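Asker: Right, I'll just put the structure down here and ask away after.
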Amino acid sequence: MKVCYIAKVTGVVQGVYFRASAQNMAIDLSLSGYANNQEDGSVELMVCGDEANVQQMLSWLETGPDEAEVEAVTAEPTNFRDVNHFSIG
């Protein structure tokens with residue numbers, strides 16, 4: 001089953017290669033979506049794809065790359081969007 005989630009990751013997640021690492025993980029898991037820095041210092045992501053792979057990505061967000069210090073992750077399901085890439089902005 002294909003699903004999409006919008007996630008917000010807070011903590012030390014900007015300037016630590018969080019978005020690039022998330023993009024690499026998403027590509028490895030055949031997911032699409034995006035990762036964007038937010039003005040409040042968080043990173044917002046949309047991840048879409050097979051439910052098991054999306055869940056694996058959401059679990060990865062709890063720690064992120066080695067340089068990150070994740071404080072919290074919130075994730076809400078959203079309507080599935082058929083996007084064919086994972087972009088960072």
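Asker: Output the number of residues of segment 8-58 satisfying the condition of being of a type in the set (Phe, Trp, Tyr) and assigned to a helix (DSSP H, G or I).
Answerer: Total satisfying the criteria: 1.
Asker: Do we have Val70 as part of a loop (DSSP other than H, G, I, E, B), surrounded by 11 or more Cβ atoms within 10 Å (Cβ to Cβ) and more than 10 Å from the chain's Cα centre (by Cα) here? So that I can check it myself, show each step before the final result.
Answerer: Working: part of a loop (DSSP other than H, G, I, E, B): no; surrounded by 11 or more Cβ atoms within 10 Å (Cβ to Cβ): yes; more than 10 Å from the chain's Cα centre (by Cα): yes.
No, not satisfied.
Asker: Suppose we filter Val16, Val9, Val3 for residues that are over 9 Å from the mean Cα position of the chain (by Cα), more than 17 Å from Arg81 (Cβ to Cβ) and not charged (D, E, K, R); which single one remains?
Answerer: None of the other options fit; the residue is Val16.
Asker: Quick check on my filter: what residues within segment 57-81 are under 16 Å from Met46 (Cβ atoms), touching a residue at least 60 places away in the same chain (Cβ under 8 Å) and not polar (S, T, N, Q)?
Answerer: Val73, Ala75, Glu76, Pro77, Phe80, Arg81
Asker: Looking at Glu44, Glu76, which is the one that is of a type in the set (D, E, K, R) and more than 18 Å from Ile88 (Cβ to Cβ)? Step through it out loud before you land on a result.
Answerer: On the way: Glu44 fails: more than 18 Å from Ile88 (Cβ to Cβ).
Exactly one residue qualifies, and that residue is Glu76.
Asker: Let me ask something additional. If I filter segment 4-26 for residues that are of a type in the set (D, E, K, R) and in contact with an Asp or Glu (Cβ under 6 Å, 6 or more places away or on another chain), do I get at least one hit?
Answerer: Among the residues of segment 4-26, at least one is of a type in the set (D, E, K, R) and in contact with an Asp or Glu (Cβ under 6 Å, 6 or more places away or on another chain), which makes the answer yes.
Asker: Of the residues that sit in segment 1-55 and are β-branched (Val, Ile, Thr) and crowded, with 21+ Cβ neighbours inside 10 Å, which one is nearest to Glu69 (Cα to Cα)?
Answerer: Looking at the filtered set, the residue picked out is Val13.
Asker: Being outside any helix (DSSP H, G or I), loosely packed, with under 14 Cβ neighbours inside 10 Å and modelled with pLDDT under 95: is that true of Asp82 here? Talk me through it step by step, then tell me what you get.
Answerer: On the way: outside any helix (DSSP H, G or I): yes; loosely packed, with under 14 Cβ neighbours inside 10 Å: yes; modelled with pLDDT under 95: yes.
Considered against the rule, which asks whether it is outside any helix (DSSP H, G or I), loosely packed, with under 14 Cβ neighbours inside 10 Å and modelled with pLDDT under 95, Asp82 comes out as yes.
The values are calculated or read from the model by the stated rules, or taken from the named source; none is laboratory data. This structure is a prediction, so every number in the text was calculated from the model and none was measured. Glycine gets a Cβ as well: all are built from the backbone with ideal geometry, and neighbour counts include every protein chain shown.
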